[in-house]
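> The structure follows.
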2 protein chains.
Amino acid sequence: MSHRARRPSAVRVDDIASLFSALGDGTRLKLVSTLSAGGAMSITQLTAGSGHTRQAVTKHLGVLSSAGLVRGEKSGRERLWKFEPDALTKARHSLDHIAAQWDEALERLRRAVEE
Amino acid sequence: MSHRARRPSAVRVDDIASLFSALGDGTRLKLVSTLSAGGAMSITQLTAGSGHTRQAVTKHLGVLSSAGLVRGEKSGRERLWKFEPDALTKARHSLDHIAAQWDEALERLRRAVEE
DNA sequence: CCGTCATGCAACTTAACGGTTGCATTTACT
DNA sequence: AGTAAATGCAACCGTTAAGTTGCATGACGG
């Protein structure tokens, strides 16, 4: 029973990595941007201006979905994809965490020099 | 004289994508975290607890460097790598931009419903 | 029912990624 | 000068990722 070993809000490195990895592609970045701005859309709609095949877009949506950045719900004969803002918040927090580390390091350095 | 066509802070999609892509790997994420917290380090130092070969770490540093997240300066017979906080700020801003888009979209929706 | 529109599934190709090993080069130390 | 440390460079390998094509399935509209 190892309660201690697992902090409550412990976000695993791999989760964050997969999040950033999902954002680390131009096509996917555009998809996320489109969905965050335009509400729910179907695959064919998203495929329209993308310059890629529908299948390619489907795969990208799969990646985004695994990372939690997007969620698709079937509606009739089409599937509507919507942006999932929580994932983005997580990403932001981890960036903030690194920035905070950096600030602390600077502060330590400043104090050490000032001594 | 095309001032209008090019916004001053126009960050190309591919740049942001390469930034996130660089962060989209556990090993690199740890490297960034280490460097942001521990100041400048040499490759051998960074290799120590990584569980990887020095060459692997070197490659990862190359990726991080291309993304602007890290910068290496030669100092004697070693090369010291330091964290570059500006890149992280860029990443954060692009996340903020998407979040802002999302908020606007919600606001538009709210007003439309309220009408 | 039948055509068609939207999607799902699978196989395949190409290129990039993460990682390794081996050797060369530069710098420090005595 | 000569040795050991720190790094650089290059070839190579296995795996995954991005993208394609082809075909199957499911829902809508007349």
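> B:ARG111 label point, 7 Å along Cα→Cβ, cut-off 18 Å on backbone N: hits in the stretch A:29-63?
So the set is A:37-39.
> Per residue of A:15-24, count partner chain C-beta atoms within 10 Å of its C-beta, then hand back the mean as an integer.
6
> Expressed as a fraction of 2.2 N^0.38 Å, the rule-of-thumb size for a compact globular protein of N residues, what is the C-alpha radius of gyration of the stretch A:56-113?
1.87
> Around B:HIS52, under 14 Å between beta carbons, what's the net of Lys plus Arg minus Asp minus Glu among the other residues?
+3
> Separate question: What order do you get for B:HIS60, A:HIS93 when you list them from fewest to most C-beta neighbours inside 10 Å?
Listed from fewest to most nearby Cβ atoms, that is A:HIS93, B:HIS60.
> Taking only the C-alpha atoms, wrap a convex hull around chain A and report its volume per residue in Å³ as a whole number.
Taking the convex hull of the Cα positions in chain A, it is 152 Å³ per residue.
> Then there's this: Report, in listed order, any pair from A:LYS30/A:LYS82; B:LYS59/B:LYS82; A:LYS59/B:LYS30; A:LYS30/B:LYS90; A:LYS90/B:LYS90 with a Cα-Cα distance greater than 20 Å.
A:LYS59/B:LYS30
> Would you be so kind as to identify which of B:LEU109, B:PRO85, B:LEU46 lies farthest towards the positive end of the dipole of the protein assembly as shown, taking Lys and Arg as +1 and Asp and Glu as -1 on Cβ and the Cα centre as origin?
Of the candidates, B:LEU46 comes out farthest on the positive side.
> Loop-only check: which trypsin sites (Lys or Arg not before Pro) in the stretch A:39-100 are DSSP coil with at most 15 other Cβ within 10 angstrom?
Listed in order of number, the matching sites are A:ARG77.
> At a threshold of 8 angstrom on Cα-Cα distance, excluding pairs fewer than six apart, so keeping six or more, what relative contact order does chain B reach in percent?
The value is 25 percent.
> Compute for the protein assembly as shown: radius of gyration divided by Kirkwood radius, i.e. Rg/Rh, restricted to C-alpha atoms, rounded to two decimals.
1.03
> What are the ³J(HN,Hα) couplings of the stretch B:69-74, residue after residue, when phi is run through the Karplus curve with 6.51, -1.76, 1.60 and θ = phi - 60°? Round to Hz, x for glycine and proline.
7, 8, 9, x, 10, 6
> Then there's this: Residue by residue through B:25-31, how many Cβ atoms from other chains fall within 10 Å of the Cβ on average?
Average neighbour count from other chains, rounded to a whole number: 4.
Values quoted throughout were computed directly from the atomic coordinates according to the rules given, and no laboratory measurement underlies them. Worth saying up front: this structure is predicted, and the values here are computed from it rather than measured. A quick note on method: Cβ atoms are made from the backbone with ideal geometry, for glycine too, and the neighbour counts reach across all protein chains shown.
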